[in-house]
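Working notes for the structure below.
The values are calculated or read from the model by the stated rules, or taken from the named source; none is laboratory data. These numbers come from a predicted model, not from an experiment. Here the Cβ is made from the backbone with ideal geometry for all residues, glycine too, and neighbour counts use every protein chain on show.
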Amino acid sequence: MFRPHGLVSFPLLLLSVVTLAQTQTTSDLQIPTQPLPAASIGRPYTATLQATGGTPPLQWKLTKGTLPPGVNFQTTSGSLSGTPTAPGDYNFTISVTDSARSTASGSFIIRVDDYLAVRWKEGPGLNENTIAGTVEVSNGSRDIYDQTVIIVAVNEIGKAFALGYQHFNLSSQSQQVIPYSSSLPNGHYLVHVDAVAEIPARHLTRRARLKTQQAIEVNVNC
């Protein structure tokens, strides 16, 4: 059959148009550089990584480094979530693979701030019927805290006895050691520390708690 010179058959022309359209709309798989938000101990944390280009569905993977303790990574969505439990700077690398087996990777860092922390400095120890020791309160933020610290001993029937109390201003990036001591009746006691920091100008309140894992037995024969 005669076909004019220079004409292209319709099926071949349609295939060329489709191929050209796919080439124009498909781009390389990439993970754009994006700083992740900072986290703080004891506060829920969420962030989602983004990818551009490629062909869905995408599969994510942690390939290097470590996440903050308490934070998990979802390989199907690229999301990070959890409650951090330790301060520090955590560096890690994430890769993503699309359905065409193209791969991209990116490096990230999550900084976990210890805005308000309380720890045992000494004790608690027992001397006859007296429970005593010290705790250290730390302010890792840029704010000045209106700080209150209450230390109590709670016996086996839930009765609380005051061991120590202080109300003071805690400067930014500073610590303060607080002593506590009290003579108690016979019983088994857990020592609790409740630290509350208020920032009136920002209408914020932060709290940290501490508790002994084992009961302290006071048993003095009268």
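Observations on the structure shown:
- In the range 54-68, the residues that are within 17 Å of residue 27 (Cβ to Cβ) and among the small types (Gly, Ala, Ser): 54
- One residue from 205, 148, 212, 130 being among the hydroxyl-bearing types (Ser, Thr, Tyr) and touching an Asp or Glu at 6+ places or on another chain (Cβ under 7 Å): 205
- When the range 54-80 is filtered for residues that are assigned to a strand (DSSP E or B) and free of Cβ contacts under 8 Å to residues at least 24 places away in the same chain, the ones remaining, listed by number, are 72, 73.
- Search result, residues across the range 40-55 that are touching a Gly at 6+ places or on another chain (Cβ under 8 Å) and among the hydroxyl-bearing types (Ser, Thr, Tyr): 45, 48
- On the stretch given as the range 204-213, residues that are in contact (Cβ under 8 Å) with a residue 12 or more places away in the chain and assigned to a loop (DSSP other than H, G, I, E, B) total 1.
- When residues of the range 36-54 are limited to those that are of a type outside the set (A, V, I, L, M) and farther than 24 Å from residue 210 by Cβ, the one nearest to the chain's Cα centre (by Cα): 46
- Single unsatisfied condition, residue 120 versus (1) surrounded by 16 or more Cβ atoms within 10 Å (Cβ to Cβ); (2) in the same structural domain as residue 204 (by TED's automatic domain parsing); (3) closer than 24 Å to residue 43 by Cβ; (4) in contact (Cβ under 8 Å) with a residue 40 or more places away in the chain: (1)
- Odd one out for residue 160, checked against (1) surrounded by fewer than 16 Cβ atoms within 10 Å (Cβ to Cβ); (2) closer than 17 Å to residue 38 by Cα; (3) among the aliphatic types (A, V, I, L, M): (2)
- Matching residues in the range 81-94 - criterion: being at pLDDT 95 or above and surrounded by fewer than 16 Cβ atoms within 10 Å (Cβ to Cβ): 81, 91, 93
- Selection count, the range 82-122, where residues are under 18 Å from the mean Cα position of the chain (by Cα), among the acidic types (Asp, Glu) and not in a strand (DSSP E or B): 1
- Subset of the range 163-188 [under 29 Å from the mean Cα position of the chain (by Cα), among the hydrophobic types (A, V, I, L, M, F, W, C) and either over 22 Å from residue 202 (Cβ atoms) or buried (at least 16 other Cβ atoms within 10 Å of the Cβ) (or both)]: 170, 177, 178
- Test: residue in the range 128-147 that is touching a strand residue (DSSP E or B) at 6+ places or on another chain (Cβ under 6 Å), modelled with pLDDT under 95 and at positive phi: no
- Filter result for residue 39 (out of contact with any Leu (no Cβ under 7 Å at 6 or more places or on another chain) and either surrounded by 10 or more Cβ atoms within 10 Å (Cβ to Cβ) or at pLDDT 80 or above (or both)): yes
- Residue match in the range 127-137 (condition: touching a helix residue (DSSP H, G or I) at 6+ places or on another chain (Cβ under 7 Å) and assigned by TED's automatic domain parsing to the domain that holds residue 206): no
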